[in-house]
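Enquirer: Pasting a structure here, questions to come.
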Amino acid sequence: MVRVLMTLLMFAGVMMAKPIIAVSIPMQKEFVEKITKGEYEVITLVKPGVNPHDFEPKFSDVKSVNQAKAYFSIGIEFEEQWLTRFANQNKAMKIYPSNVGVEVINFGNMEDHDEYDEYGHDLYDNHNEEEDSHHSHENGDTHIWLSLSNAKIIAGNIYKGLKAINPKGNYEANYQALIKDIENLDKKLKQTLKGLPKNQKFVVFHPMLGYFAKEYGLEEISIEVEGKTPTIKDMMKVVEIIKKENLKIIFAQPEFSTKAAEFIAKESGAKLGYFSPLETPWDKNLLDFAKKLKELYEK
């Protein structure tokens with residue numbers, strides 16, 4: 001009798017298990033959950049604290065993806081080799097790119113990133129291949145989700161993918177509510193950043209906020225450019241820029257070593273702050289960043 005009961009409970013658990021959707025980053029998980037309201041179990045591969053450029057899935061990640069009904073990609077580096085492997089191992093899984101229609105910023109593009117030409121490329125022209133760190137940015141800036149206009153495109157792609165997975169799913173109202181939330185965040189960010197000088201510069205260790213900067217009339221100066229590790233000489237040039245421009249903060253990324261940023265902060269007198277592009281809630285993460293900038297530069 002006990003065995004029969006246990007068997008029935010296990011069977012019921014299998015029947016009640018939610019279908020799995022896999023995504024690359026936490027922001028996608030947040031968007032899928034907002035649109036579907038708990039219809040799926042959503043698993044994220046690249047979590048806060050993990051370097052997305054050097055990420056390799058663990059066995060447990062691969063096992064989860066092998067059970068997934070669908071995968072929403074976003075164009076980050078690890079997907080180039082792993083999506084094919086995932087597809088070969090789980091042939092029933094559909095892959096939906098959520099970055100379709102997003103225009104990627106290329107580092108050093110004069111129309112997009114004048115600051116990289118003025119400060120970035122001049123600093124790193126003396127690098128050779130041996131000095132480069134083990135990750136690269138050959139595909140441009142992959143942090144597309146840190147832009148609100150891009151976020152709306154990503155949300156739209158996720159919505160279309162979900163409708164393809166489940167044509168009977170009633171997602172329209174939830175999707176429109178998500179778009180409204182993004183538009184409201186845009187208003188909050190504009191209000192928060194109001195009063196900052198046009199093209200206000202800010203310093204990051206790893207280039208991650210280029211889309212955000214472009215959208216809100218800011219300029220990102222990156223210590224590291226195109227995956228290259230800065231030398232002492234390079235870092236001292238950044239120190240000079242910080243002093244000359246009276247820049248007040250350097251944002252280090254928790255997913256990377258903070259030693260270079262700590263050194264530059266100490267030498268320049270700038271404060272050391274932290275920003276992770278993988279943190280959620282996505283809206284709070286961006287709003288907190290904007291508030292920190294305003295707080296420092298309105299004094």
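Enquirer: Within the stretch 41-81, how many residues turn out to be part of a helix (DSSP H, G or I) and open to solvent by 30 Å² or more (accessible area, probe 1.4 Å)?
Expert: Number satisfying all stated conditions: 6.
Enquirer: Any residue that is of a type in the set (Val, Ile, Thr) and open to solvent by 10 Å² or more (accessible area, probe 1.4 Å) - is there at least one of those in the stretch 189-198?
Expert: yes
Enquirer: Quick check on the stretch 139-188: of everything there that is of a type in the set (Asp, Glu) and touching a residue at least 40 places away in the same chain (Cβ under 8 Å), which residue is most open to solvent (accessible area, probe 1.4 Å)?
Expert: Asp181
Enquirer: Now for a separate question. Only one residue in Leu247, Leu209, Leu218 is of a type outside the set (Val, Ile, Thr) and in contact with an Asp or Glu (Cβ under 6 Å, 6 or more places away or on another chain), so which one is that?
Expert: Every option except Leu209 fails the conditions.
Enquirer: Please enumerate the residues belonging to the stretch 238-259 that are over 28 Å from Glu298 (Cβ atoms) and touching a residue at least 24 places away in the same chain (Cβ under 8 Å).
Expert: Correct list: Glu255, Phe256.
Enquirer: Next up: Mind listing just one residue for me: the one in the stretch 278-299 that is among the acidic types (Asp, Glu) and not in a helix (DSSP H, G or I) and, of those, most open to solvent (accessible area, probe 1.4 Å)?
Expert: In this case the residue turns out to be Glu298.
Enquirer: Within the stretch 199-224, can you find the residues that are modelled with pLDDT of 95 or more, surrounded by fewer than 18 Cβ atoms within 10 Å (Cβ to Cβ) and part of a loop (DSSP other than H, G, I, E, B)?
Expert: Gly217
Enquirer: List the number of the failed condition for Ile250; all other conditions in (1) part of a helix (DSSP H, G or I); (2) open to solvent by less than 50 Å² (accessible area, probe 1.4 Å); (3) more than 30 Å from Val32 (Cα to Cα); (4) aliphatic (A, V, I, L, M) hold.
Expert: (1)
Enquirer: A further question on this structure: Before we move on, is Ile241 outside any loop (DSSP other than H, G, I, E, B), crowded, with 17+ Cβ neighbours inside 10 Å, among the aliphatic types (A, V, I, L, M) and modelled with pLDDT under 95?
Expert: yes
The values are calculated or read from the model by the stated rules, or taken from the named source; none is laboratory data. On a predicted model such as this, the values are computed, not experimentally measured, just so you know. With ideal geometry, Cβ positions are generated from the backbone for all residues, glycine too; neighbour counts draw on all protein chains shown. Note: areas computed on protein heavy atoms with side chains; ligands, DNA, RNA excluded. Shrake-Rupley method; radii C 1.70, N 1.55, O 1.52, S 1.80 Å.
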